[in-house]
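K.L.:
Supplied in structure tokens, the structure appears directly below.
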Amino acid sequence: MNEEELVSKTQIKKEMDDRQDLGMQLTKLSADVLKKIGLDEDLIEAVIFYKKINSNGALKRQAQYIGRLMRDTDPEPIQAYLNKLKGDNSEHNALMQRLELLRERLVDSDEALTKLLNEQSGIDIGTVRTLIRNARKEKEQNKPPKAYRELFQVLKQHYMGDKPSTDDAEA
């Protein structure tokens, strides 16, 4: 029975350390990204305050405070959001690969564009056609793939349903 208590205490301590580590990952994000995650206001303020501290002792105390606040916070949504930012999400990676293949097909053939327009409503046809034409010219003339990259961003924005954000790249 004593061993079970020891194991459970060890497990609890490990969970608390993991949550503190997760809290420290939050300190690398901007305030706007922190608000997107949907964190408690106290936790957001603690993380923002952590960034302003210069003293090592104060940093350690603030890290412990963030860890204490993380005890009352569900770590799953935070971890899922961080994984998405890092690109660790397998569903997200699969979607990105499908979009890359779609972009390749669009640049290579007009039939892919017709198929896309039949399957997807709400996509900006004029922008897509212009980007495809420009990407083909870039490829022929061995120029940098600016339109090719823009085409991917337009497809990503359409399929993911969110606006491009510079904050997400900070993680």
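K.L.:
At 1.4 Å probe size, what's the solvent-accessible area of residue 158? Round to the nearest 10 Å².
P.N.:
50
K.L.:
Which sequence of 66, 12 reflects their accessible areas, 1.4 Å probe, from the largest down?
P.N.:
12, 66
K.L.:
While we're on this one: Highest first, please rank the peptides 20-27, 53-60, 94-101 by the mean number of other Cβ atoms sitting within 10 Å of their residues.
P.N.:
With the highest mean Cβ count within 10 Å placed first, the list reads 20-27, 94-101, 53-60.
K.L.:
Which label marks the calculated value of percent of Cα pairs over 21 Å apart, given the options [x] 54; [y] 49; [z] 62?
P.N.:
Of the labelled values, this structure produces [z].
K.L.:
Please list, ordered by chain and number, the residues whose modelled amide H lies under 5 Å from the amide H of residue 123; skip anything fewer than 5 residues away on the same chain.
P.N.:
Excluding prolines and chain starts, which carry no amide H, there are no hits.
K.L.:
Within the chain, what whole-number % of the accessible surface is contributed by carbon and sulfur, with the 1.4 Å probe and all protein chains included in the calculation?
P.N.:
Carbon plus sulfur share of accessible area: 47 percent.
K.L.:
Below 8 Å, C-alpha to C-alpha, sequence gap of six or more: please give me the relative contact order for region 17-171 in percent.
P.N.:
Normalised by residue count, the contact order of region 17-171 is 25 percent.
K.L.:
Follow-up question, since we're still on this one. Using a probe radius of 1.4 Å on heavy atoms only, what accessible surface per residue do you get for region 27-171? Whole Å² is fine.
P.N.:
Ligands and nucleic acids excluded, the figure is 66 Å² per residue.
K.L.:
Answer with one residue from 31, 109, 44: the one whose Cα lies farthest towards the positive end of the charge dipole of the chain, charges on Cβ with Lys, Arg +1 and Asp, Glu -1.
P.N.:
Result: 109, furthest along the dipole toward the positive end.
The values are calculated or read from the model by the stated rules, or taken from the named source; none is laboratory data. Treat the numbers as computed from the prediction; the structure is a model and nothing was measured. FYI the Cβ positions are ideal-geometry reconstructions off the backbone, even for glycines, and counts take in every protein chain you see. Accessible surface areas use protein heavy atoms only, side chains included; no ligands, DNA or RNA. Shrake-Rupley method; radii C 1.70, N 1.55, O 1.52, S 1.80 Å.
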